[in-house]
Amino acid sequence: MPIREACTDDWPRIWPFWHRIVAAGETYTWDPGTSEEDARALWTSPPKRVYVVEDDDGTVVASAYLTPNYGGPAANIANAGFMVDPDRAGRGTGRMLAEHVLAAARDAGFRGMVFNAVVETNPAVRLWTSLGFTVLGTVPDAFDHPRHGRVGLHIMYRPL
């Protein structure tokens, strides 16, 4: 499946699964009621570089962004966000996109990547650890999960 940088016309194809994932309230710390306008700003505002994965028929099935996590002297540490259409999960798309974004971050001169708030019950934790991320710490009881109650938020890091 091809991965490319997103263009303005891709947002309407990202929004349906973005909304579905955030509205579920299980894996992102964003408000489940986030409007489409606010969601677009969260996902695509500069300096973010946004990527999409297309299926064979041209359907956008996943998206990610890459951005500096900090500014100034710490601007060499990246942050990223990833979403795979839940109807397309379990097919290796997330791993493929993660490997692409990690390479893009390295190529852009970032020295490491940090995730600030990974819900500890998120199945993607297994993916991140398999790609070399470690849990630096966990903020206990920080996330009100709709099925699991209060769970922690991991801070994860990987050098590039």
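General remarks:
- Of the residues making up region 19-41, those that are aliphatic (A, V, I, L, M) and surrounded by fewer than 17 Cβ atoms within 10 Å (Cβ to Cβ) are Ala23, Ala24, Ala41.
- Some residue of region 127-147 being open to solvent by 30 Å² or more (accessible area, probe 1.4 Å), under 26 Å from Arg13 (Cα atoms) and not β-branched (Val, Ile, Thr): yes
- Residues in region 42-72 that are at negative phi, open to solvent by less than 30 Å² (accessible area, probe 1.4 Å) and either in contact with an Asp or Glu (Cβ under 7 Å, 6 or more places away or on another chain) or outside any helix (DSSP H, G or I) (or both): Val50, Tyr51, Val52, Val53, Val60, Val61, Ala62, Ser63, Ala64, Tyr65, Leu66, Thr67.
- The one condition in (1) within 21 Å of Leu42 (Cα to Cα); (2) of a type in the set (Gly, Ala, Ser); (3) surrounded by 17 or more Cβ atoms within 10 Å (Cβ to Cβ) that Ala75 fails to fulfil: (3)
- Where a residue in region 147-160 is within 12 Å of Ile77 (Cβ to Cβ) and its partner, wherever it lies, is in a loop (DSSP other than H, G, I, E, B), with Cβ under 9 Å and at least six apart: Tyr157/Phe133; Arg158/Leu131; Arg158/Gly132; Arg158/Phe133; Pro159/Arg111; Pro159/Gly132; Leu160/Phe110; Leu160/Arg111
- From the list Asp10, Asp38, Asp31, the lone residue that is out of contact with any helix residue (DSSP H, G or I) (no Cβ under 6 Å at 6 or more places or on another chain), within 24 Å of Pro68 (Cα to Cα), charged (D, E, K, R) and part of a loop (DSSP other than H, G, I, E, B) is Asp31.
- Members of region 94-126 found to be over 27 Å from Glu54 (Cβ atoms), open to solvent by 30 Å² or more (accessible area, probe 1.4 Å) and within 12 Å of the chain's Cα centre (by Cα), listed by number: Asn116, Ala117
- Taken over region 112-140, the criterion of being over 17 Å from Gly81 (Cα atoms) and in contact with a Leu (Cβ under 9 Å, 6 or more places away or on another chain) is satisfied by Thr138, Val139, Pro140.
The values are calculated or read from the model by the stated rules, or taken from the named source; none is laboratory data. These numbers come from a predicted model, not from an experiment. As a convention, Cβ positions derive from the backbone with ideal geometry for all residues, glycine included, and neighbour counts pool all protein chains shown. What goes into the accessible areas is simple: the full protein's heavy atoms, side chains included, and nothing from ligands, DNA or RNA. Shrake-Rupley method; radii C 1.70, N 1.55, O 1.52, S 1.80 Å.
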